[in-house]
1. For segment B:315-329, check the following and say yes or no: at least one residue is part of a strand (DSSP E or B), within 15 Å of B:Tyr153 (Cα to Cα) and either touching a residue at least 24 places away in the same chain (Cβ under 8 Å) or under 21 Å from the mean Cα position of the chain (by Cα) (or both).
2. May I ask you to list the residues in segment A:210-260 that are within 20 Å of A:His311 (Cα to Cα), polar (S, T, N, Q) and either surrounded by fewer than 18 Cβ atoms within 10 Å (Cβ to Cβ) or at pLDDT 95 or above (or both)?
3. Tell me whether segment B:214-237 contains one or more residues that are assigned to a helix (DSSP H, G or I), among the polar types (S, T, N, Q) and within 14 Å of chain A (Cβ to nearest Cβ).
4. Every residue in segment B:266-314 that is part of a helix (DSSP H, G or I) and acidic (Asp, Glu), please.
5. Looking only at segment B:213-228, which residues are under 26 Å from A:Lys284 (Cβ atoms) and surrounded by fewer than 24 Cβ atoms within 10 Å (Cβ to Cβ)?
6. Of the numbered conditions (1) at pLDDT below 95; (2) within 12 Å of chain B (Cβ to nearest Cβ); (3) outside any helix (DSSP H, G or I), A:Tyr278 fails exactly one; give the number of that condition.
7. Go through A:Ser102, A:Ser71 for me and flag whichever is assigned to a helix (DSSP H, G or I), surrounded by 13 or more Cβ atoms within 10 Å (Cβ to Cβ), out of contact with any Lys or Arg (no Cβ under 9 Å at 6 or more places or on another chain) and not β-branched (Val, Ile, Thr).
8. Tell me whether segment A:281-290 contains one or more residues that are on the phi > 0 side of the Ramachandran plot and modelled with pLDDT under 95.
Amino acid sequence: MSQLTLRPAEAGDGGPQARRPGPRPGRLRRSLTPYLYLLPTVLLLVALMVLPIVMVVGYSVMDNVITTRSSESVGLDNYVEVVTDPVFHTAIRNTLYFTVVSVLAHLVLGLAFALLLNSAFVGRWAKAIFRAIYVLPWLFTIAVVAVLWRLLLNPNGVVNYLLDVTGFIDGNVEWLADPDTALHAVTFINIWCGYPFFMISLLAGLQGIPKDLYEAARVDGASAFRQFWHVTIPQLKPIIISMALLDFIWTTQQFALIWMTTGGGPINVTEMLSTFTYKLAFSKYEFSMASTSAVIILALSMVLAFFYVRHQKVRD
Amino acid sequence: MSNGALTRRRIFAVLGASALALTAACGGGDSGDDSAGGEVTLEFSQWWEPELPDGSLRALMDRFEEENPGIRVELLSGPYASTKEQVVAGAAAGTMSDVVGLDGAWVSDFVDQGSIASLTGLMDDAGYDDSALASQVQLEGETYMIPVVNFVYPLFTNDDLLAQAGITAPPTNRTEFEAAATALSGLGENVSGWALPLSLETPNGVQNDVMSWVWASGGSMLADGQPDVTNDEVRSAVEYVKALWDDGAIAPGSFTMKEQDKVEEFTNGRVGMVISSLAHVNTIREANPDLNFSISAIPAEDSYSGERGIPYASWGIGVAENSEHKEEAWKLIDFLLSEDVNAELSTLANAFPGNTASVPDFVEGDELFGAAFEIYQSGYPANEFTGLPVAEELMRMFSEELQRALDGEQSVDDALETAQDRWLEEF
């Protein structure tokens, strides 16, 4: 380790070398300034995100909070209780089905419509009209979507009427109220309102693929399917993976649609992790158990978020 | 200005902005603070204002302010569901409004939480005579909520549909009701006899459409304040509902049907009979002026001749424990329950008054409301969910078990046994 020793004569001359051992005030201010600009955001993140998360994690190991005057720690008892609750298992199964089917359908439909809108066989005006029609479901808020589909899927609604007159069904089907069809019905509604996000993103991706690649493939004698499989899909792969991971995270957290269409019923066939947690908090007032459930959902979401971030880093 | 001074000013500006942002984010000043002039501002959160004619609740508050100089009332209004969540959050954070609109189903949980004050002491301090009050919600001898107005749930019948089905008068007992419901369902064209909303999102159908059969025959779902849903009265009512289900007399879509769906089905003439709130009379008239319908008491067991319990829901009122102005808060409650104001509020809400001396105007001028008032006076208001812990969750649990029974997954006996066990866990 080297050490700078100042001779008295040098120390007293007031030159620049005399101030070298200590940090210059100007330099300190310059180095701190970026952090000070970041400070409002950091403080907001701490106050609105970190603090609530820490509080919820803390709540999850208490006997109960908010509705009780004094709370005691119960360790991991709440976690054991939630994880061993059969309704929680049902909620996990339903959430998994709802999410996986929704994401896959969003991807397939989004890609199909994006290819259609990017096709040279469809005219400019037709594209504009179809683009507006296809994107419509995405523009409705979830409350509107829920009310709309509750009316359409009503036993006396339009869907049953159309299926009846075309001979597909005989009599009234209770799409949302029948335990055999309710989960599929809410999944269908979620697919309907979610595919445009994929479509728009994939359309942007398709428009960014260089035409040279297709020309080269055609020169090599590649069929339309092989061009799609060996040019389009590899070019879209980064977008597809990002979108699928994001959609997976969002769909696992879907609450409003389920709550407003079925409330988790009939019985518990559409119970999701989100509705399970909500009921614990605002119906049973068991805020500690709700926090426990929320922490488990957070942990599962973090796993997905980890893959998303890792994928983004690889892309960069 | 030197670079150092400029930097210092920047640092202070950034810090100031951060502090402001945080203050804004954390929000919420003290409620009901005295202003410099010694004026008290009461916050009154409720879901009533959106359900009343525009400006009518504010007009009542203005009259209260005139009669009580130095007290101002700030109305915090929202839909029922969001009011409940706000009250829960406010209770937890200690920022509950001074005066709060309450549903009887919330009271037990708020008392456990220590967030609402006992009104007994406030009444005593003010020397209030409570003999005129129609009801009070009490826990362990203390009053925590007073129903300001009550919405009763009689039987609505579509008289034209009944006539088409060959029924000349609304049913008065279970046998007549079953016959009428089956005959209505036999009319075809998507018409059903009765609607049974069992949505798990808002499970109050258990209270209004299932337990109402028990109360109408003088029965009870409780014994000594504890759950007793396996008794003969409840079993008889649930078996009766199951029989209606098996007869195909209940409108499809029950398991996700909500109260408003039920009203719409009745309004559109697709359901011949519903048990519904009197508050829906005007909604139905406005939506379908041609609908010819009447109101009668909920049918009782054939052999029953005693007084009939009629389900009701209340706009209740209470005072926050954290309020610094409980005395002024009580003055507002006293005002709303006074004879003339309570009659006026009841008239505006199409509800029955919480003050027994008040007579709403609509009783005199409207045949349907007059009939409902007679039913109300000849029976007794019955709602055993009021004051129970996690009342809404109890309804949801019962609804789940009933759905399983109706779906054939379990017998009625098993459904009641399971519901009883699940309810006991919550007690």
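The values are calculated or read from the model by the stated rules, or taken from the named source; none is laboratory data. Keep in mind it's a predicted model, so treat the numbers as computed, not measured. As a convention, Cβ positions derive from the backbone with ideal geometry for all residues, glycine included, and neighbour counts pool all protein chains shown.
1. If we filter segment B:315-329 for residues that are part of a strand (DSSP E or B), which is where we start, we get B:315-320.
This time we only want the ones that are within 15 Å of B:Tyr153 (Cα to Cα), so: B:315.
Of the ones still in play, those that are also either touching a residue at least 24 places away in the same chain (Cβ under 8 Å) or under 21 Å from the mean Cα position of the chain (by Cα) (or both) are B:315.
Yes; the residues of segment B:315-329 include at least one that is part of a strand (DSSP E or B), within 15 Å of B:Tyr153 (Cα to Cα) and either touching a residue at least 24 places away in the same chain (Cβ under 8 Å) or under 21 Å from the mean Cα position of the chain (by Cα) (or both).
2. Let us first name the residues in segment A:210-260 that are within 20 Å of A:His311 (Cα to Cα), namely A:232-252.
Now narrow it down to the ones that are polar (S, T, N, Q): A:232, A:235, A:242, A:251-252.
Scanning segment A:210-260 gives A:Gln235, A:Ser242.
3. Filtering segment B:214-237 down to residues assigned to a helix (DSSP H, G or I) leaves B:214-216, B:232-237.
Narrowing the set further to residues that are among the polar types (S, T, N, Q) leaves B:236.
Still in the running and within 14 Å of chain A (Cβ to nearest Cβ): none.
No: segment B:214-237 contains no residue that is assigned to a helix (DSSP H, G or I), among the polar types (S, T, N, Q) and within 14 Å of chain A (Cβ to nearest Cβ).
4. First, the residues of segment B:266-314 that are part of a helix (DSSP H, G or I): B:266-267, B:280-287.
Within segment B:266-314, B:Glu286 is the sole residue that qualifies.
5. Residues of segment B:213-228 under 26 Å from A:Lys284 (Cβ atoms): B:214-215, B:220-228.
Those that are under 26 Å from A:Lys284 (Cβ atoms) and surrounded by fewer than 24 Cβ atoms within 10 Å (Cβ to Cβ): B:Ser220, B:Leu222, B:Ala223, B:Asp224, B:Gly225, B:Gln226, B:Pro227, B:Asp228.
6. (3)
7. Working: A:Ser71 fails: assigned to a helix (DSSP H, G or I).
After ruling out the rest, the residue left standing is A:Ser102.
8. Looking only at segment A:281-290, we keep the residues that are on the phi > 0 side of the Ramachandran plot, and these are A:285.
In the following step, the residues that additionally are modelled with pLDDT under 95 were identified as A:285.
Yes - at least one qualifying residue is present in segment A:281-290.
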